[in-house]
1. Is it the case, given these coordinates, that Ala70 is under 19 Å from the mean Cα position of the chain (by Cα) and under 23 Å from Ile150 (Cβ atoms)?
2. Could you list, in sequence order, the residues of region 69-127 that are among the hydroxyl-bearing types (Ser, Thr, Tyr) and surrounded by 13 or more Cβ atoms within 10 Å (Cβ to Cβ)?
3. Taking the criterion of being of a type in the set (Phe, Trp, Tyr) and not in a helix (DSSP H, G or I), would at least one residue in region 145-163 satisfy it?
4. Pairs, please: C-beta under 7 Å, at least 6 apart or cross-chain, first residue within 12 Å of Met108 (Cα to Cα) and in region 167-178, second among the hydrophobic types (A, V, I, L, M, F, W, C) and assigned to a helix (DSSP H, G or I)?
5. Do we have Phe47 as in a helix (DSSP H, G or I), among the aromatic types (Phe, Trp, Tyr) and either open to solvent by 40 Å² or more (accessible area, probe 1.4 Å) or more than 13 Å from Ala155 (Cβ to Cβ) (or both) here?
Amino acid sequence: DNVNRTLFGFEMPVAWLTSLNAILCVALCPVLATLWVKLSHTKRGDFSIPVKMGLGMIIMGVGFIVMVFATLANGPDGMVKASILFIVLTYIFTTVGELFLSPIGLAMFNKLAPAKYATLSMGAWYLTSFFASLLSGKIGFTATLGFLQIFGGIATVLIIFGLILLGIRNVLTRLMAMDLLTKEK
């Protein structure tokens, strides 16, 4: 309702915008996979799991900052519709952030879980997504908060937790390495 979805006289259906995430996943996944492989062949090596996940959270936070700007573009009375470019840019950032988080997190769960609990831990990973979706539904429909507070709050939380994850990356990497050593014995 708050976005101008008209392009060249044609009003783009909302469903087209919701498909953008899937299209971007398919388009960007090979690009990031190539990046991870190229990084692994460098002297320094690939990013560690905590670094990838921390960067993913920060990138997603930037996507929500774009939504803050979209909200501000609506004007003080909310009567001006924001450009569709805000939505497209937000989808790009959140999809890249998701690709830094989701496959990496799944691989981490699979790698670190004891063999007899591997399936259970994968289910736990998806269960966290379920509860996060429930929570986001509650947050999104909270009448007491406006779009600016919701998008700004989500951006702040994501960026802070991403920075914390980057800050403790060495400790987490050592703990994961210790866990892998005990699994091999």
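1. Numbers: under 19 Å from the mean Cα position of the chain (by Cα): yes; under 23 Å from Ile150 (Cβ atoms): yes.
Yes: the conditions hold for Ala70.
2. Start the filter on region 69-127 by keeping residues that are among the hydroxyl-bearing types (Ser, Thr, Tyr), which leaves 71, 83, 90-91, 94-95, 102, 117, 119, 121, 126.
Matches in region 69-127: Thr71, Ser83, Thr90, Tyr91, Thr94, Thr95, Ser102, Ser121.
3. At the first step, the residues of region 145-163 found to be of a type in the set (Phe, Trp, Tyr) are 147, 151, 161.
Next, from what is left, pick out any that are not in a helix (DSSP H, G or I): none.
No - not one qualifying residue is present in region 145-163.
4. Met176/Ile49; Met176/Leu112
5. Working: in a helix (DSSP H, G or I): no; among the aromatic types (Phe, Trp, Tyr): yes; either open to solvent by 40 Å² or more (accessible area, probe 1.4 Å) or more than 13 Å from Ala155 (Cβ to Cβ) (or both): yes.
Answer is no for this residue.
The rows are residues; the columns are (1) at pLDDT below 90; (2) of a type in the set (S, T, N, Q).
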{"residue": "Thr6", "(1), (2)": "yes, yes"}
{"residue": "Glu11", "(1), (2)": "yes, no"}
{"residue": "Val14", "(1), (2)": "yes, no"}
{"residue": "Thr18", "(1), (2)": "yes, yes"}
{"residue": "Ala22", "(1), (2)": "no, no"}
{"residue": "Val26", "(1), (2)": "no, no"}
{"residue": "Val31", "(1), (2)": "no, no"}
{"residue": "Val37", "(1), (2)": "no, no"}
{"residue": "Asp46", "(1), (2)": "yes, no"}
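The values are calculated or read from the model by the stated rules, or taken from the named source; none is laboratory data. Keep in mind that this is a model prediction, so the values were computed, not measured. Note: ideal-geometry Cβ built from the backbone for every residue, glycine included; neighbour counts use all protein chains shown. When the accessible area is computed, the model is the full protein with side chains, heavy atoms only, and any ligands, DNA or RNA have been set aside. Shrake-Rupley method; radii C 1.70, N 1.55, O 1.52, S 1.80 Å.
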